[in-house]
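Notes for the one structure printed next.
A short reminder: the numbers here are calculations on the coordinates, not readings from a lab. The shown structure was predicted, so the numbers you read here are calculated from the model rather than taken from an experiment. In this analysis, Cβ positions are derived from the backbone assuming ideal geometry, glycine residues included, and neighbour counts consider all displayed protein chains.
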Amino acid sequence: MAPAPVSITPRCPIRTTLELVGGKWRLLILHQLRGGALRFGELRRLLPDISEKILVQELRHLTDAGLLMRHNFGEVPPRVEYELTEAGRVALPLIEAVASFGQQYLRTMVSHERPGRPQA
């Protein structure tokens, strides 16, 4: 039986980026960790709308992707911290650009609002 053909088409860099940091929470998690390592509970408090289950899933994804490092201190009670890896720090300008876009968009939308115009 012949081996399956190997694709030589390069991956789309935009798709790769979206797979790594796309979604509702991943950029927000990375943004919160920009100042240094945080414990799970601290992240939970900083992102009050995320469920514990989703935060666990997203931290696992970002860790598996190499954007975060998980430090387990082996203490009782358990102490685990998350921090950006070098690859995670490379994403910080992307997060700043997304924030800048959002600020500019909101300013533009507010300046274009007219009385009586339906809001989304």
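Below are the figures for this structure:
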quantity	calculated
The chain shape via C-alpha gyration tensor axes, a/c threshold 1.5	oblate
Helical segments meeting 27 Å axial Cα length and Kyte-Doolittle -0.5 threshold in the chain (DSSP H)	92-112
Estimated 222 nm signal from helices in the chain, with DSSP H stretches of n ≥ 4 weighted -39500 (n - 2.57), rounded to 500	-15500 deg cm²/dmol
Spin-label model distance (nm) - residue 57 vs residue 86, 7 Å beyond Cα toward Cβ	3.2 nm
Under-5 Å amide H pairs with residue 68, H placed in peptide plane, nonlocal only	63, 85
